[in-house]
Amino acid sequence: MTHLSTINPNLRSLAVIARVLDYPCTDLQEAADAMVCVIRDEGRIPAEQRQSLMDFIRRLRDTELLDIQADYVETFDRGRAVSLLLFEHVHGESRARGQAMVDLKALYARHGLELAPGELPDFLPLFLEFLSILPLQEATAHLSEHAHIVAALH
């Protein structure tokens with residue numbers, strides 16, 4: 001995932017959620033305590049969900065990396081029901097998905113975000129990380145536009 005250096009201080013929780021949804025690595029486990037602090041201190045997430053997210057991050061920190069990676073693959077890579085590819089839920093493999101990805105990639109480019117080779121623009125962690133650099137109102141508008149897709153993953 002592309003690492004962004006200009007995270008909006010009001011949207012750090014989006015960057016944390018993006019990181020938690022990406023493929024697990026040791027960096028994730030090492031950053032867990034800092035991520036818990038961001039979620040706790042920012043207060044943008046409702047209390048019940050905030051506590052669940054902090055508990056989940058602590059569980060990621062305390063579980064063997066190979067076990068976390070196996071769970072990730074089982075959850076996200078073995079079926080479309082909880083795919084982290086946003087437009088797969090709406091367009092499947094149709095041509096409309098391709099155009100939607102082109103449009104999203106253009107949006108990223110307008111904000112100076114260049115994708116790494118092989119990175120898909122509709123990958124939810126990338127999208128959330130991108131939103132975390134935007135002004136609050138713009139990020140909220142983009143998130144609202146895709147909320148029905150994100151809600152389907154819950």
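Before moving on, here are some points about what is shown:
- From the options VAL82, VAL73, VAL102, residue that is closer than 21 Å to VAL150 by Cα, in contact with a helix residue (DSSP H, G or I) (Cβ under 9 Å, 6 or more places away or on another chain) and of a type in the set (A, V, I, L, M): VAL82
- Test: residue in the range 57-66 that is under 17 Å from the mean Cα position of the chain (by Cα) and basic (Lys, Arg): no
- Residue in the range 56-63 that is at pLDDT below 95 and β-branched (Val, Ile, Thr) present: no
- Of the criteria (1) touching a helix residue (DSSP H, G or I) at 6+ places or on another chain (Cβ under 9 Å); (2) charged (D, E, K, R); (3) farther than 28 Å from PRO117 by Cα, which one GLU64 fails: (1)
- Of all residues in the range 55-89, those satisfying the criterion of being of a type in the set (D, E, K, R), under 24 Å from ILE45 (Cα atoms) and surrounded by 13 or more Cβ atoms within 10 Å (Cβ to Cβ) are ARG58, ARG61.
- Residue list for the range 104-154, filter: surrounded by 11 or more Cβ atoms within 10 Å (Cβ to Cβ), of a type in the set (D, E, K, R), over 13 Å from the mean Cα position of the chain (by Cα) and under 16 Å from ILE7 (Cα atoms): GLU138
- Looking across the range 11-26, the residues that are part of a helix (DSSP H, G or I) and under 16 Å from the mean Cα position of the chain (by Cα) come down to LEU11, ARG12, SER13, LEU14, ALA15, VAL16, ILE17, ALA18, ARG19, VAL20, LEU21.
- Qualifying residue in the range 95-103 (condition: over 29 Å from ASN8 (Cα atoms), exposed (fewer than 11 other Cβ atoms within 10 Å of the Cβ) and either acidic (Asp, Glu) or modelled with pLDDT under 90 (or both)): yes
- Subset of the range 108-147 that is in contact with a helix residue (DSSP H, G or I) (Cβ under 9 Å, 6 or more places away or on another chain) and hydroxyl-bearing (Ser, Thr, Tyr) - its residue that is farthest from ARG12 (Cα to Cα): TYR108
The values are calculated or read from the model by the stated rules, or taken from the named source; none is laboratory data. Everything numeric in this text was worked out from a predicted model, so none of it was measured. Note: ideal-geometry Cβ built from the backbone for every residue, glycine included; neighbour counts use all protein chains shown.
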